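J.: Got a structure for you, questions after.
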């Protein structure tokens, strides 16, 4: 891009040398300044607004390299990052129906198709089995971009299948929770999944197998009231929002202003709700050590 050469500014002979421009150097105005550009899609950090390429962010487990903010990870990407080796996937044979013929601003069937197209997933829970070093594990992760990670009948089916498979193979079950709660489009059927998943977790405990919950941002509603708070160990990522009702609903109920860090992982750690807050880069090793001790694996 060529620049129009402007006449040099006439300076007084008495102008100090420190204020004289360097010959041959033209200072661009703010409008003329070249803006740096990326050659691939970027991710903007919601905290510091720094731009990082998607590839670099993926290699850094979606932790901002500038301010260490933990960004949301896709469920499948998180599980592939978590395991050293993936052996199998469970639950893809379950397909959601529309028992209530539910319609809000659009029919439930259309909402499901939109979510599937947006995320590339068939439902809000992904279940994989694999290894971390020498320990085989079953792990499930909620896809928050799929209708807010809401728990419907298929999510319940997949979680129960994950627990039953873990029992059969004598593996620990790891759950990465991120959800807005039960799925209203399925009504009472979605609420029944709270009891189903709780019963499956009880079977795990009777079998003497660890159930570890990793609470990511955010976890609310029926998921918090069931499978997300029934773990043997509860690990939270930094600054994750965790609760049953949202902050605004509670403020309207108690008519008081609730200041930060209410419902943040750090606040819940201080009040005994979670056991640990673990940086994402240390999460795999932390889970491996806990499982190794609970299952007496060297």
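The values are calculated or read from the model by the stated rules, or taken from the named source; none is laboratory data. Note that the structure is predicted; figures quoted are calculated from it, not measured. Cβ: placed from backbone, ideal geometry, glycine included. Neighbour counts: every protein chain shown.
J.: Name the pairs whose Cβ atoms lie under 9 Å apart, with the first residue in region 88-100 and at positive phi and touching a residue at least 60 places away in the same chain (Cβ under 8 Å), the second part of a strand (DSSP E or B) and surrounded by 13 or more Cβ atoms within 10 Å (Cβ to Cβ), and 6 or more positions between them or separate chains?
T.: The qualifying pairs are 91/125; 91/126; 91/127; 91/140.
J.: Examine region 22-34 for a residue that is assigned to a loop (DSSP other than H, G, I, E, B), farther than 24 Å from residue 141 by Cβ and either at pLDDT 70 or above or in contact with a strand residue (DSSP E or B) (Cβ under 7 Å, 6 or more places away or on another chain) (or both), and state whether such a residue exists.
T.: Scanning region 22-34, I find no residue that is assigned to a loop (DSSP other than H, G, I, E, B), farther than 24 Å from residue 141 by Cβ and either at pLDDT 70 or above or in contact with a strand residue (DSSP E or B) (Cβ under 7 Å, 6 or more places away or on another chain) (or both), so the answer is no.
J.: Then there's this: I'd like the full set of residues that are closer than 16 Å to residue 230 by Cα and in a helix (DSSP H, G or I), limited to region 147-179.
T.: 156, 159, 160, 162, 163
J.: Looking at residue 184, is it modelled with pLDDT under 95 and either under 20 Å from residue 76 (Cβ atoms) or out of contact with any helix residue (DSSP H, G or I) (no Cβ under 6 Å at 6 or more places or on another chain) (or both)?
T.: Yes: the conditions hold for residue 184.
J.: Within region 163-175, which residues are within 21 Å of residue 134 (Cα to Cα) and surrounded by fewer than 24 Cβ atoms within 10 Å (Cβ to Cβ)?
T.: 165, 167, 168, 169, 170, 171, 172 - these are the residues of region 163-175 that are within 21 Å of residue 134 (Cα to Cα) and surrounded by fewer than 24 Cβ atoms within 10 Å (Cβ to Cβ).
J.: Here's another thing I want to ask about it. If a residue counts only when it is within 17 Å of the chain's Cα centre (by Cα) and within 20 Å of residue 215 (Cβ to Cβ), which helices (runs of 4 or more DSSP H) contained entirely in region 38-128 have at least 2 such residues?
T.: In region 38-128, 75-82 are the helices (runs of 4 or more DSSP H) which contain 2 or more residues that are within 17 Å of the chain's Cα centre (by Cα) and within 20 Å of residue 215 (Cβ to Cβ).
J.: Which count do you get for residues in region 284-294 that are under 20 Å from the mean Cα position of the chain (by Cα) and surrounded by 19 or more Cβ atoms within 10 Å (Cβ to Cβ)?
T.: Within region 284-294, residues that are under 20 Å from the mean Cα position of the chain (by Cα) and surrounded by 19 or more Cβ atoms within 10 Å (Cβ to Cβ) number 1.
J.: Quick check on region 229-244. Is at least one of its residues out of contact with any strand residue (DSSP E or B) (no Cβ under 7 Å at 6 or more places or on another chain), part of a helix (DSSP H, G or I) and buried (at least 18 other Cβ atoms within 10 Å of the Cβ)?
T.: Looking for residues that are out of contact with any strand residue (DSSP E or B) (no Cβ under 7 Å at 6 or more places or on another chain), part of a helix (DSSP H, G or I) and buried (at least 18 other Cβ atoms within 10 Å of the Cβ), one finds at least one in region 229-244, hence yes.
J.: Among the listed residues 151, 147, which satisfies the condition of being under 17 Å from the mean Cα position of the chain (by Cα), at negative phi and buried (at least 22 other Cβ atoms within 10 Å of the Cβ)?
T.: 151
J.: Within region 199-226, track down each residue that is in a helix (DSSP H, G or I) and touching a helix residue (DSSP H, G or I) at 6+ places or on another chain (Cβ under 7 Å).
T.: Correct list: 200, 201, 203, 204, 222.
J.: Being surrounded by 17 or more Cβ atoms within 10 Å (Cβ to Cβ) and within 28 Å of residue 288 (Cβ to Cβ) is the filter here; which residues of region 120-135 pass it?
T.: Of everything in region 120-135, those that are surrounded by 17 or more Cβ atoms within 10 Å (Cβ to Cβ) and within 28 Å of residue 288 (Cβ to Cβ) turn out to be 121, 123, 124, 125, 126, 127, 128, 129, 130, 132.
J.: Within the bounds of region 180-197, is there any residue that is assigned to a helix (DSSP H, G or I), closer than 26 Å to residue 247 by Cβ, touching a residue at least 60 places away in the same chain (Cβ under 8 Å) and under 15 Å from the mean Cα position of the chain (by Cα)?
T.: no
J.: Collect the residues in region 187-204 that are closer than 21 Å to residue 294 by Cα and surrounded by 14 or more Cβ atoms within 10 Å (Cβ to Cβ), keeping them in residue-number order.
T.: Of everything in region 187-204, those that are closer than 21 Å to residue 294 by Cα and surrounded by 14 or more Cβ atoms within 10 Å (Cβ to Cβ) turn out to be 198, 200, 201, 203, 204.
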